[in-house]
Structures are given as C-alpha cells and as structure tokens.
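Asks: Structure incoming, see below.
The values are calculated or read from the model by the stated rules, or taken from the named source; none is laboratory data. The structure displayed is predicted, hence computed values, not measured ones. We place every Cβ from the backbone using ideal geometry, glycine too, and count neighbours over all the protein chains shown. Please note that ligands, DNA and RNA were not included when accessible areas were found on the heavy atoms of the full protein model with its side chains. Shrake-Rupley method; radii C 1.70, N 1.55, O 1.52, S 1.80 Å.
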Amino acid sequence: MNHAQRISQLRNSFTDNYQAFLVTSPNNVQYLSGFSGSCGTLLITRQHTIFFTDFRYKEQSVAQIGNVARIVVFKKSLADSLSKEIKKAKITDLGIEKSMRLNLFLAYSEHFKVQLVPVDGLVENLRQIKDADELACLKKAFRIADDSFAELMKVIKPGMRETEVAAHLEFFMKMRGSEDPSFATIIASGPNSSRPHAQVSSRKLKVGEMVKIDFGAVFGGYHSDMTRTVFLGKATAKFKKIYNTVLQAQTKAIEALKVGVVCRKVDAAARKIISDAGYGENFGHGLGHSLGLDVHEAPSLSKRCVDKVAAGMFFTVEPGIYLPGWGGIRIEDTFMVQPNGLLRLTLTPNRLLEIDV
Ligand code: GLY
Ligand code: MN
Ligand code: MN
C-alpha cells in the first residue's frame with residue numbers, strides 16, 4: 001500500500017466528532033507519509049494533507065513526501081503555522097492522538113481556537129495489519145539479525161565482557177545495513193540472566209554458564225526482535241531441563257497462534273506448560289507482542305489481551321523462566337500470521353546451542 005492509500009484509509013476511519021486529525025507521533029507520521037525525520041507533524045483534513053517541518057528537514061521532506069502532502073516549512077513556530085491552517089480549513093473540532101505529549105496538548109489547547117478531541121489508536125489500529133512493503137522491511141531486519149547472530153557465535157568466548165559481546169553484535173548488524181539496534185541490546189551472562197531485561201554489564205563470560213542474548217536490527221524503520229539463550233561449554237542437566245520446558249511452552253504457543261484466536265489464549269497455552277512444570281511464578285511477563293515501526297506494538301499476547309489474532313499481524317513468542325541466583329532462559333521468535341498458517345521471521349534455529357570453548 002502506498003502512503004496516499006494509507007492516508008485515505010485513515011480518512012475512512014474518521015468519525016463525525018472531528019473534521020480533521022493531527023498526527024504528532026513520529027512513527028505514525030512515518031507510517032502515513034513516509035517521512036522519517038525527527039520534526040514532522042501531519043494535519044489530515046477530509047480533503048487535504050498538510051505536513052509541517054522546519055528548515056532542517058526541508059530537502060528531506062520534499063524528497064520523501066513531496067507527492068503525498070503539501071509541505072509547510074514553519075519559521076516562527078509550529079503552533080502558529082498549524083493555527084493558520086486550522087483556521088483556513090474552518091475546523092471546529094480537531095482529532096488528536098490520545099498519546100499526545102501533555103506539554104503539547106496544553107500548548108495546543110491554549111493556542112488553537114478549536115475543540116481538541118482525543119482519539120485512541122486511530123493510526124495504531126491501521127498499523128496492526130502489515131502490508132507487503134512493511135513485510136519486506138521486516139524480513140530484511142530479521143535477516144540482518146540472523147546473520148549477525150551467526151557471526152557472533154563464531155567469536156563469542158569465555159573472558160569477553162558482556163559489553164564487548166554487545167559491541168560485536170551491534171557492529172555486525174550495522175555492517176549489514178541495520179540503522180540502529182532495535183533497543184538496548186541485552187547480553188546477560190550467568191546469574192545476570194535471571195533479570196528479564198538485564199542491562200549490559202562489564203561482567204566477563206565464564207565457561208559453564210548461560211548467556212541470554214536479546215537484540216534486534218532496524219531496517220526501513222522496522223524492528224526485529226529475537227532472543228537466544230546459549231550455553232558456554234556442555235550444558236548442565238538443570239539448564240537442559242529448563243531450556244526444554246521453555247521450548248515446549250514456545251512450541252505450544254506457536255501451535256495456538258492462528259487467525260481468529262483470542263490473544264490471551266496463546267499466552268495461556270505457553271503459561272500452562274511452565275506452570276505445570278512448577279515454574280509459573282518464574283514467568284512474570286507476557287508471552288509476546290506485535291512489532292513494526294515500534295519494537296513493541298499492539299496487540300500483545302498477554303493474560304489481559306482480548307483482541308483477536310488476524311492475518312497480517314506479527315507476533316513475538318517469548319516465554320521465559322527466571323530463577324534469581326541461578327539465571328534465566330528465554331527463547332524468542334517472531335511470526336507473521338497468514339490466513340493458512342504462520343510465516344517464521346526468525347530463521348536462527350531455536351534448539352539448545354552449546355558453544356565449544
Ligand atoms: N527486549 C524486548 C523484548 O523482547 O520485548
Ligand atoms: Mn526481545
Ligand atoms: Mn520481544
């Protein structure tokens with residue numbers, strides 16, 4: 001779908017409560033228009049699309065979205081320029097993203113002589129179902145991640161610090177075209193791995209320990225996300241047992257993930273395996289989430305999510321068991337839901353990986 005089509009889809013979802021919609025979230029602006037800079041606002045009326053930016057992005061905006069929107073390069077202030085266009089278009093009620101920053105909301109409430117109407121998830125709902133262009137970006141981001149992980153497995157060794165491992169992985173991804181890491185790369189060794197979102201430390205990797213590696217690449221603005229927990233040397237019986245429980249939980253959840261199923265049922269399928277194994281209290285986060293221009297998008301595969309899975313949605317499936325003092329194991333793979341099954345985005349095998357030391 002091209003950007004003009006996305007904007008017309010958005011117009012079709014307008015209600016009578018407002019005549020125009022203001023888009024301030026950078027990722028929503030990028031989704032609708034293709035503009036990828038840091039200063040951009042879209043005013044979408046029923047007839048017109050107007051884009052506001054400043055001098056820094058004049059050239060970029062013409063190149064990226066010149067055929068989608070009328071571009072206004074504001075000089076004095078964004079609020080002034082917006083005000084003028086809102087008046088010109090005779091808008092009395094203006095839809096805004098419910099997620100708008102409070103300081104912006106307060107400023108615009110004062111500045112614009114219109115009623116601001118917060119709308120929840122208007123653009124985000126469209127973003128839940130990805131099109132072919134988005135799939136292509138996501139596939140590329142996941143390929144970069146898979147290939148970089150394979151390269152990391154050739155160099156990772158005892159004695160390396162977690163920070164060094166992260167630096168290697170991020171370098172390998174960047175060399176393959178990743179625009180950024182998807183999020184702060186997690187390299188958690190030994191007991192550090194019991195923290196689901198451990199921060200990288202200067203701890204040195206040791207033989208006979210696990211390393212939890214959670215990372216992603218970004219391509220075309222789209223994020224990949226994958227976790228592997230590898231073992232340095234020959235895995236212990238305890239590691240194998242817990243790894244297999246997590247893997248079985250993941251397998252059951254993947255079997256449950258299909259068009260029409262309620263999201264929380266997929267979470268429940270994994271949670272049952274882990275609870276039955278006696279580790280229910282040690283799996284304290286949701287099973288997974290959607291991703292795209294953000295690394296975490298709705299809907300989620302969690303206990304509370306009653307949305308239904310639909311074709312074109314993407315989900316991570318990432319059960320984990322975390323035992324403070326010992327460590328934690330998470331396995332995370334990502335899938336696109338298709339009408340007749342799943343497309344696996346992560347191609348790195350998820351079987352237990354023991355690194356020769
Ligand atoms: N590290 C982010 C996630 O896996 O959700
Ligand atoms: Mn992850
Ligand atoms: Mn994730």
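Asks: Return the whole-Å distance between the Cα centroid of the stretch 187-210 and the Cα centroid of the stretch 61-85.
Replies: 48
Asks: Give the whole-number value, in cubic angstrom per residue, of the convex hull volume spanned by the C-alpha atoms of the stretch 13-100.
Replies: About 94 Å³ per residue, rounded to a whole number.
Asks: Still on this structure, please answer the following. Between residue 84 and residue 60, 0.36 nm times their residue separation minus their Cα-Cα distance comes to what?
Replies: Result for the pair: 6.3 nm of gain on full extension.
Asks: Additional query: Largest first and in whole Å, what are the equivalent-ellipsoid semi-axes of the stretch 131-286 based on the Cα gyration tensor, each being the root of 5 times an eigenvalue?
Replies: Equivalent ellipsoid semi-axes, largest first: 26, 24, 12 Å.
Asks: Mind ordering 220-226, 264-270 by average Cβ neighbours within 10 Å, highest first?
Replies: By packing density, highest mean first, the sequence is 220-226, 264-270.
Asks: While we're on this one: Using only Cα atoms, what is the ratio of the radius of gyration of the stretch 278-357 to 2.2 N^0.38 Å?
Replies: So the Cα radius of gyration is 1.26 times the expected 2.2 N^0.38 Å.
Asks: Please list, ordered by chain and number, the residues whose modelled amide H lies under 5 Å from the amide H of residue 71; skip anything fewer than 5 residues away on the same chain.
Replies: HN-HN under 5 Å from residue 71: 51.
Asks: Relative to the Cα centre, what is the charge dipole magnitude of the chain, using +1 at the beta carbon of each Lys and Arg, -1 at the beta carbon of each Asp and Glu, and rounding to the nearest 20 debye?
Replies: Around 160 debye, computed over the chain.
Asks: Once phi is turned into ³J(HN,Hα) by the Karplus curve 6.51 cos²θ - 1.76 cosθ + 1.60 with θ = phi - 60°, what whole-Hz value does each residue of the stretch 43-55 show in order, with x for glycine and proline?
Replies: Here the 3J(HN,Hα) series is 10, 10, 9, 5, 9, 10, 10, 10, 10, 10, 8, 10, 3 Hz.
Asks: For the stretch 307-317, just list the computed ³J(HN,Hα) in residue order, Karplus coefficients 6.51, -1.76 and 1.60, θ = phi - 60°, integers in Hz, with x standing in for Gly and Pro.
Replies: Calculated HN-Hα couplings, in order: 5, 9, 5, 10, 4, x, 7, 10, 9, 7, 10 Hz.
Asks: Take the alpha-carbon centre of the stretch 285-317, take the same for the stretch 22-46, and report the distance between them in whole Å.
Replies: So the separation of the two Cα centres works out to 23 Å.
Asks: Additional query: Any chance you could count the Lys pairs in the stretch 237-357 whose alpha carbons are under 19 Å apart, treating pairs 8 or more apart or on different chains as valid?
Replies: 13
Asks: Per residue, how much accessible area does the chain have with a 1.4 Å probe, in Å²?
Replies: Here the per-residue accessible area is 46 Å².
Asks: Right, another one. Using a 10 angstrom cutoff on alpha carbons, build the Gaussian network for the chain and name the most mobile of 130, 234, 90.
Replies: 90
Asks: Pick from 202, 189, 300: which is most flexible by mean-square fluctuation in a GNM of the chain where alpha carbon atoms under 10 Å apart are linked?
Replies: With Cα springs under 10 Å in the chain, the top fluctuation among 202, 189, 300 is at 202.
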